[in-house]
Amino acid sequence: MNGIAQLLRPFRRPKEGRVVPWWVPPALLAMATLLLPWVIVLVVTLPDDYTAAHWRLAWGGFDVALAVSLFVTALLVHRRSALSQTAAAMTAALLLCDAWFDVVTSRGRDIVFAVVLAVFAEIPLAAICLWIARGVERVLEDAQPYLRAQGFTIRDGRLVPPQEPVAPVDDADA
């Protein structure tokens, strides 16, 4: 087995039952690896101080996106939707980005406020969102064998019911 095939072997799985194609994890891994040299270039070449245009619009827009993400996550969790996993993970990412950029772009006394906000609000809320996402994933994982036993399959990323309906059990027959 050549080197690349051996590297990709853990990612190969039968097509049946996969929601995400087998090649997505290695593709993401390749992109992450290719991004590392770019990060080094940025850290070495970017100036330490920079004045940005539309600063208020950038932060205001980001906070609107965060508020919408929190709202959508709350709504989907309330509805017990499987999509709450994705929404919660996205909200966690936005919260962590908000905490990071609040801290690293603050000056003077604002740094203390940004750190307190990050440590006591944004990071714990992000952890709760990740806990929600993991909980939903665990439920979906646990349900999968039972759904398969009933004849459900996954095709093109969608749950497909059995071809023949399962006859309901009549209490009079029991």
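The values are calculated or read from the model by the stated rules, or taken from the named source; none is laboratory data. No experiment lies behind these values; they were computed from the predicted model shown. No Cβ is skipped: glycine too gets one built from the backbone with ideal geometry, and neighbour counts run over all protein chains shown.
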task: Kindly indicate whether T33 is β-branched (V, I, T) and either in contact with a Cys (Cβ under 8 Å, 6 or more places away or on another chain) or not in a helix (DSSP H, G or I) (or both).
output: no
task: Name, by its number, the condition in (1) exposed (fewer than 14 other Cβ atoms within 10 Å of the Cβ); (2) part of a helix (DSSP H, G or I); (3) at pLDDT below 90 that does not hold for L147.
output: (1)
statement: If we keep only residues of segment 27-51 that are exposed (fewer than 10 other Cβ atoms within 10 Å of the Cβ) and within 19 Å of the chain's Cα centre (by Cα), then the residue farthest from D98 (Cα to Cα) is M31
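Conditions (1) at pLDDT 90 or above; (2) under 30 Å from Q144 (Cα atoms), marked per residue:
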site	(1), (2)
R9	no, yes
G17	no, yes
P21	no, yes
A32	no, no
L57	yes, no
A82	no, yes
A93	yes, yes
